[in-house]
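Below is one structure, written out as structure tokens; the observations come after it.
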Amino acid sequence: MPLTAILIGNETLTVECGRMWLVRGHAIAMVATDSPDVRNWAIAAGLPVGRLAALADDPALRADWLLSIANLTVIPPAVLSCTRGAINFHDGPLPRRAGLNAPVWAILGGDRLHGVTWHHIAGGVDEGAVIATRDIDIADDETALTLNTKCFAAGMDSFPEVIAALETDAGGQPQDLTAPRTVHHRAERPAAQARLDFTQTAADIARMVRALDHGPHWNPLTLPKIVADGRVIWVGAADIATGDGQPGQVLAADASNITVACGAGALRLSQLRDAHGPADLTGVTYLPSPDMAEAAALTAALAALAPQEAAQRRALHNLIPVTLPVTASGHPPEWRQLPLDAPLAALAAGIVRLAGRPVADLAAGGPGDGYTSGWSPWRIDLAQPLGAVQMPARTGFPADLPARDPALRHLTIPPVGVTSGTVPVPGAIITLAPGILHYDAASLPEAAAITLCQRLAAFSAKASAAPEAPLSTLPILSDTELHALLHSPNQTAAPYNRSLTIPHAFAAQVARTPAATALVCEAKSLTYAQLNAAANR
């Protein structure tokens with residue numbers, strides 16, 4: 001008898017398993033996804049498409065099974081109740097490695113055997129009965145990319161077994177939850193932000209780099225890091241090298257690679273870059289390892305950012321940078337200051353109002369430290385009143401986040417920053433700070449900066465005087481500018497002799513300027529003399 005399923009997921013495996021389900025003669029009542037690729041496949045296949053968040057609001061939705069395949073979102077109980085059971089694909093061996101990013105943690109943990117598991121959704125995280133598994137050997141040179149690829153292939157190979165089990169309503173094999181078990185949570189990250197510790201062996205450090213190598217795909221954790229002459233550098237690849245020396249001693253370096261001695265052996269590190277592009281470490285002689293206190297501080301700093309990373313990533317994907325009629329000069333900034341005493345929220349709204357956009361993002365925060373960006377997008381919506389404009393309480397995201405997400409590789413900071421401190425936001429052309437406007441004189445002329453201050457001060461005063469009015473309705477020009485634009489050019493007042501008739505006044509003008517143009521109609525014109533002669537006729 002044909003079965004119906006709700007299919008939830010965001011990856012290629014979701015599509016391929018959905019195809020197998022349909023080929024077997026079963027039906028899909030709904031595809032829930034946030035992925036454009038999965039959505040396009042579903043539409044092309046004539047399948048209903050929606051988002052997981054909206055499924056619980058559909059009282060008519062019913063199916064025999066729910067199939068969660070490459071889905072990292074918690075499924076609401078109301079959605080689970082639409083079916084008689086739910087099955088999840090897990091890219092790790094259960095019960096040994098539960099939770100998220102199991103392939104990465106398996107490599108980091110030095111596992112020699114991995115696997116995938118299809119299980120019922122029941123109880124706690126990945127605790128339901130198992131209905132199909134596949135074992136996967138972990139190679140000596142395994143990366144997150146290659147192990148994820150193996151998991152994909154194992155998932156494809158084992159899904160027909162899942163379909164067969166559902167056709168017979170098989171209950172599966174309960175897990176032994178008393179066995180050794182580790183649950184990896186979404187916000188869990190490698191210690192010390194994956195800063196490489198050269199007191200370890202070359203083999204252990206290389207394994208760390210491989211475990212975080214996702215190739216061209218999204219890396220949900222972090223990038224391996226070194227510090228060279230005070231700069232935080234991201235490492236893309238590591239190979240065992242020959243050489244000997246004290247841990248951290250640089251044995252060779254050029255524009256593309258650096259070879260460093262470890263606690264045992266040596267490593268050649270390559271694909272080196274930071275937020276500005278490829279990093280040339282020629283001339284570097286030593287790479288320090290973090291001590292216990294520094295490692296603990298780095299771990300704590302990333303732990304504080306990780307819970308907000310998904311939201312920050314979405315904000316960066318949807319960034320609408322505020323625009324200015326200037327562009328960065330490309331030269332080192334020449335920061336100068338002008339006094340500007342007004343609430344930061346009003347000034348931020350004024351910048352967006354000046355840009356002529358109803359919604360735009362500013363960079364809220366301050367300087368980063370190489371590990372953290374220091375800034376976050378601050379979305380200003382001019383449909384709101386001033387009281388609704390609130391600077392983000394927490395600013396900053398992991399500095400390597402844009403490098404981990406292919407869609408953010410070319411991210412640039414908005415040209416206007418806002419800070420509650422005293423230092424301009426690096427990369428911005430203008431920074432609004434308490435009582436001060438910082439501007440990069442290499443990109444913005446002083447006269448333009450002065451005019452900007454005057455307009456922002458005027459807008460701030462109007463916004464503060466009308467705190468409930470939509471910001472889009474408030475004028476951005478000062479009263480002086482408005483008068484100069486609207487009234488000064490239209491000063492038509494002149495002395496008028498009431499005893500002088502129009503014919504006499506016209507005759508006097510003809511005498512003064514006979515050859516001047518008096519009248520224009522389409523392509524024809526008449527001088528005062530010609531017009532006077534025509535009138536006299």
Inset, instruction - Treating the angle as unsigned and between 0 and 90°, give the value, to the nearest 10°, between the Cα long axis of helix 502-512 and the longest Cα principal axis of the chain. - result: 90
Legend entry - Helix axis angle, 446-465 relative to the chain longest principal axis, alpha carbon, degrees: 80
Inset, instruction - Multiply the residue separation of THR480 and ALA303 by 0.36 nm, subtract the distance between their alpha-carbon atoms, and state the gained length in nm to one decimal. - result: 58.6 nm
Inset, instruction - Tabulate in residue order the Karplus-calculated ³J(HN,Hα) for region 382-397, using 6.51 cos²θ - 1.76 cosθ + 1.60 with θ = phi - 60°, rounded to whole Hz; enter x for Gly and Pro. - result: 6, 6, 8, x, 4, x, 8, 8, 10, 5, x, 5, 10, 10, x, 9
Legend entry - MRE, 222 nm, helices only [DSSP H, n ≥ 4, -39500 (n - 2.57), over the chain, to nearest 500]: -8500 deg cm²/dmol
Inset, instruction - Give the ranking of ILE69, ILE240 by solvent-accessible surface, highest area first, calculated with a 1.4 Å probe. - result: ILE240, ILE69
Inset, instruction - Please give the helix 344-355 orientation as an angle from the longest Cα principal axis of the chain, in degrees from 0 to 90, rounded to the nearest 10. - result: 70
Inset, instruction - Tell me the Kirkwood hydrodynamic radius of region 1-89 in angstroms, computed as one over the mean inverse distance between distinct C-alpha pairs. - result: 12.7
Legend entry - Using a Förster distance of 35 Å, the FRET efficiency for ARG62-ARG379 (Cβ separation, nearest 0.05): 0.35
Inset, instruction - Using every Cα-Cα pair within region 263-389, state what percent have a distance larger than 20 Å. - result: 66
Inset, instruction - Would you mind counting up the charge near ALA153? Only other residues with Cβ under 12 Å from its Cβ, with Lys and Arg at +1 and Asp and Glu at -1. - result: -1
Legend entry - Cα convex hull volume per residue for region 51-117 (Å³): 85
Inset, instruction - Once you have all Cα-Cα distances for region 242-336, histogram them in 10 Å bins from zero and send the whole-percent values. - result: 12, 23, 29, 26, 9, 1
Legend entry - Solvent-accessible surface ranking, highest first, for ASP254, ASP479 at 1.4 angstrom: ASP479, ASP254
Inset, instruction - Report, by chain and number, residues whose modeled amide H sits under 5 Å from the one on ALA86, excluding near sequence neighbours (fewer than 5 apart, same chain). - result: LEU66, ILE121
Legend entry - Cα pair count fraction exceeding 15 Å, expressed as % - region 242-295: 50
Legend entry - Paramagnetic reach from ASP37 in region 202-236 [backbone N under 11 Å; point 7 Å along Cα→Cβ]: 217-218
Inset, instruction - Quick one: P(r) of region 192-246 from all Cα-Cα pairs, 10 Å bins, percents rounded to integers, in order of increasing distance. - result: 22, 53, 23, 2
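Determine the share of region 431-480's accessible area contributed by carbon and sulfur atoms, expressed in whole percent, with a 1.4 angstrom probe. The partial results should precede the final answer.
On the way: 1250 of 2050 Å².
It is 61 percent, rounded to a whole number.
How much of the DSSP beta bridge set in region 1-160 is antiparallel, as a percent to the nearest 5? It would help to have the intermediate numbers written out before the result.
Numbers: 11 of 25 bridges.
Percent antiparallel among DSSP bridges in region 1-160 is about 45.
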Legend entry - Distance between region 147-208 and region 461-522 - C-alpha centres, whole angstrom: 76
Legend entry - Distance between modelled label sites at HIS487 and CYS521, nm, 7 Å Cα→Cβ extension: 3.8
Inset, instruction - Amide H neighbours of GLY99 under 5 Å, at least 5 residues apart or on other chains, H built in the peptide plane: list them. - result: HIS184
Legend entry - Added length on full extension, which subtracts the Cα-Cα distance from 0.36 nm per residue, ALA469 to SER329: 46.7 nm
Inset, instruction - Report the accessible area of GLU127, computed with a 1.4 Å probe over the heavy atoms of all protein chains in place, in Å² rounded to the nearest 10. - result: 60
Inset, instruction - Have a look at the DSSP beta bridges in the chain and tell me what percent are antiparallel, nearest 5. - result: 70
Inset, instruction - From the P(r) of the chain, can you give the percent of Cα pairs sitting at distances over 44 Å? - result: 40
Inset, instruction - Go ahead and collect, in residue order, the members of region 463-505 whose backbone nitrogen is under 20 Å from a label point 7 Å along the Cα-Cβ direction of ALA511. - result: 495-505
Inset, instruction - Percent of Cα-Cα pairs per 10 Å bin, from 0 to the last occupied bin, for region 309-374, please list those. - result: 15, 38, 41, 6
Inset, instruction - Report the full-extension gain for the segment ARG357 to ALA129: residue separation times 0.36 nm, less the Cα-Cα distance, to one decimal in nm. - result: 76.7 nm
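The values are calculated or read from the model by the stated rules, or taken from the named source; none is laboratory data. Treat the numbers as computed from the prediction; the structure is a model and nothing was measured. Reconstructed Cβ throughout: ideal geometry from the backbone, glycine too, with neighbour counts over all protein chains shown. The accessibility values were calculated without ligands, DNA or RNA, using every heavy atom of the protein model including side chains. Shrake-Rupley method; radii C 1.70, N 1.55, O 1.52, S 1.80 Å.
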